[in-house]
Amino acid sequence: MKRVQDFNVVGYNWLNKDNYIITLSSDSDIENIDPGNFAEIKVPNSPDVFLRRPISVLDVDHNENTIKFYIKAIGKGTRQLGNLDVDSKVSIVYPLGNSFSILHRKKVLIVGGGSGIAPFIMLASKLKDEHTEVTFLIGARSKGDVFLIDEFGKFGKVLVTTEDGSLGEKGLVTQHSIFAGNMDFDHIYTCGPDPMMKAVAQIAHEKNILCEASLENMMACGIGACLCCVTPTIRGNECVCTEGPVFNSKDLKW
Ligand SMILES: Cc1cc2nc3c(=O)[nH]c(=O)nc-3n(C[C@H](O)[C@H](O)[C@H](O)COP(=O)(O)OP(=O)(O)OC[C@H]3O[C@@H](n4cnc5c(N)ncnc54)[C@H](O)[C@@H]3O)c2cc1C
Ligand code: FES
């Protein structure tokens with residue numbers, strides 16, 4: 001059930017100067033969260049960042065009552081969230097949006113880029129429980145922009161592409177050699193920049209593989225009231241915050 005809950009900052013794990021994991025804890029129990037769900041986080045001590053910021057849930061620990069978010073600092077809100085004192089209070093509205101489908105598949109491919117890697121730790125953990133074989137393909141500009149590889153490695157094989165060739169294969173994710181031959185994946189999940197997801201979806205369609213894409217449209221309310229996050233689909237315009245963020249890519253008219 002959706003709720004507004006106050007958390008306290010436990011600490012940060014800085015991955016480089018712009019990317020961090022923030023851990024928050026609560027005195028109350030944490031709601032059930034499914035892979036792909038996101039939270040709207042209020043940025044404290046920042047009156048000019050008026051709207052909450054939508055961030056995917058990276059991980060949750062129901063024994064410790066902690067929740068983690070992986071955040072790429074790109075503007076005022078995400079920078080301010082990375083600059084709070086330990087024990088600062090942070091209000092979040094969660095769990096929001098739908099979640100990835102868990103369809104008891106044999107073999108799946110997860111393709112992530114940028115902050116789009118965030119929902120995939122929880123997804124991979126769920127898939128592991130289902131004994132699904134997971135391959136991750138992570139795309140980045142350069143070696144220094146590739147994060148959480150060790151975490152992903154706990155759940156499956158990890159492939160990387162970098163645009164400058166400093167790690168993994170050189171090029172864009174969709175140029176990875178895995179796409180060259182026959183692919184025996186039953187399902188592809190993707191999250192990241194729109195052009196990357198569109199290209200991944202195109203390949204999935206050509207190879208007749210079900211593809212789910214998690215969109216990161218700009219959002220304001222996060223609950224279907226302001227209509228600022230709509231995306232065109234075969235059913236008409238739909239709010240990404242309530243009908244998504246996860247869509248069957250065949251339903252998207254992007
Ligand atoms: C469902 C969902 C899940 C998300 N999950 C994560 C996550 O796990 N980790 C993470 O780091 N980010 C995530 N994002 C993106 C994150 O919400 C934005 O980066 C954040 O709102 C930017 O706020 P800001 O105040 O720092 O930047 P602003 O000052 O508001 O904007 C800075 C610049 O970034 C652009 N921008 C703002 N929001 C977005 C966006 N959604 N997509 C592309 N460009 C944007 C603005 O146009 C501007 O150019 C997610 C977004 C959505 C919709
Ligand atoms: S963010 Fe307001 S309707 Fe989706």
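The values are calculated or read from the model by the stated rules, or taken from the named source; none is laboratory data. Please read these numbers as outputs of a predicted model, since none were measured by experiment. Virtual Cβ from ideal backbone geometry, glycine too; neighbours counted across all protein chains shown.
For beta carbons closer than 6 Å, sequence separation of 6+ or different chains, a first residue in the stretch 58-77 that is more than 20 Å from ASP27 (Cα to Cα) and a second that is outside any loop (DSSP other than H, G, I, E, B) and within 16 Å of ligand 2 (Cβ to nearest atom), the qualifying pairs are GLY77/ARG53.
Among the residues of the stretch 197-204, are any in contact with a strand residue (DSSP E or B) (Cβ under 8 Å, 6 or more places away or on another chain), within 16 Å of ligand 1 (Cβ to nearest atom) and closer than 28 Å to LYS106 by Cβ? The answer is yes; a qualifying residue exists.
Among the numbered conditions (1) surrounded by fewer than 23 Cβ atoms within 10 Å (Cβ to Cβ); (2) within 11 Å of ligand 1 (Cβ to nearest atom); (3) among the aliphatic types (A, V, I, L, M), the only one that ILE223 does not meet is (2). Only residues that are touching a strand residue (DSSP E or B) at 6+ places or on another chain (Cβ under 8 Å) and either under 21 Å from SER101 (Cβ atoms) or modelled with pLDDT under 95 (or both) were counted across the stretch 205-220, and they come to 10.
Within the stretch 72-95, the set of residues being within 16 Å of PRO47 (Cα to Cα) and touching an Asp or Glu at 6+ places or on another chain (Cβ under 6 Å) comprises LYS89, SER91.
Here is the figure for the stretch 232-250: residues that are assigned to a loop (DSSP other than H, G, I, E, B), within 16 Å of ligand 1 (Cβ to nearest atom) and among the β-branched types (Val, Ile, Thr) total 2.
Assigned to a loop (DSSP other than H, G, I, E, B) and farther than 20 Å from GLY36 by Cα: is that true of ASN217 in this structure? Against the criterion (assigned to a loop (DSSP other than H, G, I, E, B) and farther than 20 Å from GLY36 by Cα), ASN217 does not qualify. In the set CYS226, CYS191, CYS239, only one residue is within 16 Å of ligand 2 (Cβ to nearest atom) and touching a Gly at 6+ places or on another chain (Cβ under 6 Å); that residue is CYS239.
Conditions (1) buried (at least 23 other Cβ atoms within 10 Å of the Cβ); (2) more than 21 Å from ASN8 (Cβ to Cβ), marked per residue:
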{"position": "PHE38", "(1), (2)": "yes, no"}
{"position": "ILE41", "(1), (2)": "yes, no"}
{"position": "SER46", "(1), (2)": "no, no"}
{"position": "ARG52", "(1), (2)": "no, no"}
{"position": "SER56", "(1), (2)": "yes, no"}
{"position": "LYS68", "(1), (2)": "no, no"}
{"position": "LYS72", "(1), (2)": "no, yes"}
{"position": "GLY75", "(1), (2)": "no, yes"}
